[in-house]
1. With the requirement that a residue be among the small types (Gly, Ala, Ser) and either touching a Lys or Arg at 6+ places or on another chain (Cβ under 7 Å) or at pLDDT 95 or above (or both), what does the stretch 195-208 give you?
2. Using the structure shown, decide if Glu218 is in a strand (DSSP E or B), modelled with pLDDT of 90 or more and either within 18 Å of Ala144 (Cα to Cα) or within 17 Å of the chain's Cα centre (by Cα) (or both).
3. I'd like the residue in the stretch 119-172 that is in contact with a Gly (Cβ under 7 Å, 6 or more places away or on another chain) and of a type in the set (Gly, Ala, Ser) and, out of all such residues, is modelled with the lowest pLDDT.
4. Is it true that Ala180 is more than 27 Å from Asp142 (Cβ to Cβ), modelled with pLDDT under 95 and either in contact with a strand residue (DSSP E or B) (Cβ under 8 Å, 6 or more places away or on another chain) or aliphatic (A, V, I, L, M) (or both)?
Amino acid sequence: MRIDWWTLGLQAINALVLVWLLSRFLFKPVADILARRQAAADRIVDQAEAAKAAAEDEKAKAQAEAARLAASRGDALKQAGEEAEKRKAALIATAREEADKIRSEAEKDIERAQAAGQHKVAEKAGSLAVDIAARLLDRLPDQARVAGFVDGLADGVAALPDDIRADLGADGTPLQIAAARPMTDRERSDCRDALKKALDRDVEIAVSVDPKLIAGLELRGPHAEVRNSFRADLDRLLADLNRHDENQA
């Protein structure tokens, strides 16, 4: 077998030229295209990571703001309740002072009245004293007539016997709530949440307006009544005055 070195050399040169042409016009452009696509893909990934980080940051900020607003709202409700209690105590104290003054004057008249008419005169004096107290309490601002009474109403419901509590709102029947003025959506929601916690189940409420309450809330049901209002306080005050007069007779 004879090797033709010229032919072999020419073929080797052709192969080298082919490799050079491929590397020049095929491999290198393809590699450049792949490099550009890889760079573009890397940019897209970087942008996605940046967007994800920004979204996580916004989510964290939103959660922090929601927590701050919830805490602020809780503090506002607590402050409103405390302010209402202070106003309530001050107004009731003033009402008691006025009642005592009127009773004192009435007792002087009772001493001169006949024994049969003594109780009627004292009862009239007590009613007059309570009416004056009601007018004093009616000076309470509208915003303080509901917010400070929600927790007290819920506490009263929670203190009811188990069988009565089980009957409240049974079969989805709304709880009948009387308010001194129309309740806002937020006040309705707070009242419903407080009663839900007191009864340990979801409940619905139906609110009616009773200006005679002056301020506060009352739950009115067929088998239970929970009163947390100025009217209830005044009724108890009148009962105390009448009891006192009966004991003095």
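The values are calculated or read from the model by the stated rules, or taken from the named source; none is laboratory data. All of these numbers come straight from a predicted model, not from anything done at the bench. Glycine also receives a Cβ, built like all others from the backbone with ideal geometry; neighbour counts cover every protein chain displayed.
1. The answer is Ala206, Ser208.
2. Criteria met by Glu218.
3. Ala147
4. Taking the combined requirement at face value, the residue does not satisfy it.
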